[in-house]
1. Take the residues in segment 34-55 that are surrounded by 13 or more Cβ atoms within 10 Å (Cβ to Cβ) and polar (S, T, N, Q); name whichever of them is nearest to the chain's Cα centre (by Cα).
2. Could you check segment 152-170 and list, in sequence order, the residues that are under 14 Å from Met130 (Cβ atoms) and not hydrophobic (A, V, I, L, M, F, W, C)?
3. Among the candidates Thr97, Thr138, Thr124, which residue alone is farther than 16 Å from Gln45 by Cα and out of contact with any Ser or Thr (no Cβ under 9 Å at 6 or more places or on another chain)?
4. What about Val11, is it modelled with pLDDT of 95 or more, over 21 Å from Asp162 (Cα atoms) and not in a loop (DSSP other than H, G, I, E, B)?
5. Do we have any residue at all in segment 110-122 that's closer than 17 Å to Ile49 by Cα and assigned by TED's automatic domain parsing to the domain that holds Ala50?
6. Count, please, the residues in segment 56-81 that happen to be surrounded by 14 or more Cβ atoms within 10 Å (Cβ to Cβ) and at positive phi.
7. Against the definition (more than 22 Å from the chain's Cα centre (by Cα), crowded, with 16+ Cβ neighbours inside 10 Å, outside any strand (DSSP E or B) and at pLDDT 95 or above), how does Ser139 come out, yes or no?
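The values are calculated or read from the model by the stated rules, or taken from the named source; none is laboratory data. Since the model is a prediction, treat every value here as computed from it, not as a measurement. Virtual Cβ from ideal backbone geometry, glycine too; neighbours counted across all protein chains shown.
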Amino acid sequence: MRWLLLIGSLVLVASSAHGLTLTGHFTTGSGLTAEELKSDQEWGQTFQIAPSGTITEADVDSVVLYLYRQNNQNGKTITASIRTSWNGASLWESIITANTVEKDTSANQSAIHEAVHFAGTAATLQTSTMYYLRVDTTSNEKVYIHYDQNSSYSPGSLVNKDGVEEGSHKDLLFAIDGSYPIPEPSTALLLGLGLAGWAHARRVNTRGRAATDA
């Protein structure tokens, strides 16, 4: 039973989480279009993460957006950040070089372009809070971000270049990825086995001491 006791000890100090898409809108349709990002024209999205059972927080580590550029963007960057208000401090942030996004010299707004992954240090978000996903660039022109004019995403909506929510049916194509801090079912099973092993070992030791004393 020593191995059961060892497993139980390891499980007591270990935790696990499931990586998944916590919220987002990434189904394209007839409403697909794009807007130009500029150094003085940020676009974004409000969103809220749904709770998972009794879990009311989640760890966000990456964001997916659909971006493209019409020309070279040497030395320019694109930043995705998560905030509690449009101009508030960043809770989570990731920066990429603009030249890494797909180039489309025709700047076709109605054709979906490649997904762009922004990865950063995980931040814990509450499911009861509405957050702002904001996208900034140091470029002055010809960087575009996709959104849907006929979206069914809820809750949240597109935030335009003036920092104003567009209302229902307009949303970025986006995904917020991360994990809920919950144990896997196998972990609970191992914990039970470990505790059973610990209890058995304690009974054996107790009987052994009793026999010695006798």
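1. Result: Gln48.
2. Residues satisfying the conditions are Tyr153, Ser154, Pro155, Gly156, Ser157, Glu165.
3. Exactly one of Thr97, Thr138, Thr124 is farther than 16 Å from Gln45 by Cα and out of contact with any Ser or Thr (no Cβ under 9 Å at 6 or more places or on another chain), namely Thr124.
4. no
5. Let us first name the residues in segment 110-122 that are closer than 17 Å to Ile49 by Cα, namely 122.
With the extra rule that they be assigned by TED's automatic domain parsing to the domain that holds Ala50, the set shrinks to 122.
Within segment 110-122 (the criterion being closer than 17 Å to Ile49 by Cα and assigned by TED's automatic domain parsing to the domain that holds Ala50), the answer is yes, since at least one residue qualifies.
6. Within segment 56-81, residues that are surrounded by 14 or more Cβ atoms within 10 Å (Cβ to Cβ) and at positive phi number 0.
7. Numbers: more than 22 Å from the chain's Cα centre (by Cα): yes; crowded, with 16+ Cβ neighbours inside 10 Å: yes; outside any strand (DSSP E or B): yes; at pLDDT 95 or above: yes.
For Ser139, the condition - more than 22 Å from the chain's Cα centre (by Cα), crowded, with 16+ Cβ neighbours inside 10 Å, outside any strand (DSSP E or B) and at pLDDT 95 or above - is met.
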